[in-house]
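Here's the structure we're looking at; comments come further down.
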2 protein chains.
Amino acid sequence: MAGSRGDKYYDVFLDYRVWLKTVNNEGIMGEGCFGLLKDIKLSGSLKQAADKQEMSYRKAWGIVRKSEDLLGFKLVDKQRGGKDGGHSYLTPEGEDLISAYEELRDDITQSIKRVTKKFFNKINKQ
Amino acid sequence: MAGSRGDKYYDVFLDYRVWLKTVNNEGIMGEGCFGLLKDIKLSGSLKQAADKQEMSYRKAWGIVRKSEDLLGFKLVDKQRGGKDGGHSYLTPEGEDLISAYEELRDDITQSIKRVTKKFFNKINKQ
DNA sequence: CATCGATATGTTAATATAAACATATCTACA
DNA sequence: TGTAGATATGTTTATATTAACATATCGATG
């Protein structure tokens, strides 16, 4: 029976989240912002990135703005008007941030995998 | 200036959270529940544990109940009535869970520290 | 110089989460 | 046998987070 003592806990798992935050505990960047920035890099458009991430443009714009406001510098170089209506590109700082974050996330994923294995070994032995 | 390019990012840091969850993505245990269980172990009382964690008894009780409901077994052996009004002790399963979780958390803390160092080295070099 | 499509942003409605309030139940012990 | 103090739980209020709606602006190009 699911959850009962003695089964192998196949129905539970360890989950985690990481954020870059200000010392004032305000979230600068998490998975949402990261995904957005990555898709901006791919598509050259905040709107397209928002669509890809299945969030409203309003929300996506707000996430980027908050992040930039907290950091004090631009992550995205945004242009409006013109034939295509506008476009968005990552600034060098934006590029730096997502590559560092990606590396961070990969590293933590490994850690979590290792710890998860250990955790469930321990639990299942008991 | 805080946040501006070129400073050492002293004003930002990496934060994280971990949870034990059901595959249905319901939280079984996080820091809140862990802290409670630990204080129940120390005090022998859900009420005292709630006070220690600075949360209402109602909330504490709900956290433990949800956790137990999802797992399908008891984490706390609760007795009511009597001279002292009642008491709560961890079940062997509860003991197992907090010791495993504690080990898990310690391990992840180490991982995060290592990754944080790497992250900020990278960021600050750029 | 009108259009189109993306950026920009205020406002309001809907949900979800958490806090607060209220009240009942249990039982060793004086 | 009434009391005290902790467990047990429904209900409601408040708060925070997210989604939805509405509307303005910009500017290369036909």
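The values are calculated or read from the model by the stated rules, or taken from the named source; none is laboratory data. As the structure is a prediction and not an experimental result, all values here were calculated from the model. Using ideal geometry, Cβ is built from the backbone for each residue, glycine included, and neighbour counts are taken over all protein chains shown. The area values use the complete protein model at the heavy-atom level, side chains included, leaving out ligands, DNA and RNA. Shrake-Rupley method; radii C 1.70, N 1.55, O 1.52, S 1.80 Å.
Key figures for this structure:
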item	result
Of every Cα-Cα pair in segment A:12-57, the percent that sits beyond 14 Å	56
More than 21 angstrom apart: percent of Cα pairs within segment A:31-114	30
Size of electric dipole in chain A: Cβ of Lys, Arg +1 and of Asp, Glu -1, about Cα centre, debye, nearest 20	480
Accessible area (Å², 1.4 Å probe, nearest 10) - A:Ile108	10
Per-residue [θ]222 nm for chain A (sum of -39500 (n - 2.57) over DSSP H runs n ≥ 4, rounded to 500)	-18500 deg cm²/dmol
The protein assembly as shown: proportion of alpha-carbon pairs further apart than 22 angstrom, %	63
Of all accessible heavy-atom area on the protein assembly as shown, the percent that carbon and sulfur account for (1.4 Å)	50
Pairs beyond 25 Å (Cα-Cα), from A:Lys125/B:Lys113; A:Lys122/B:Lys52; B:Lys21/B:Lys41; A:Lys52/B:Lys118	A:Lys125/B:Lys113; A:Lys122/B:Lys52; A:Lys52/B:Lys118
Positive-pole candidate from B:Phe73, B:Ala100, B:Ser56, dipole of segment B:30-115, charges at beta carbon	B:Ser56
Under-5 Å amide H pairs with A:Val76, H placed in peptide plane, nonlocal only	A:Thr91
Euclidean distance of C-alpha centroids, segment B:15-46 and segment A:11-89, integer Å	31
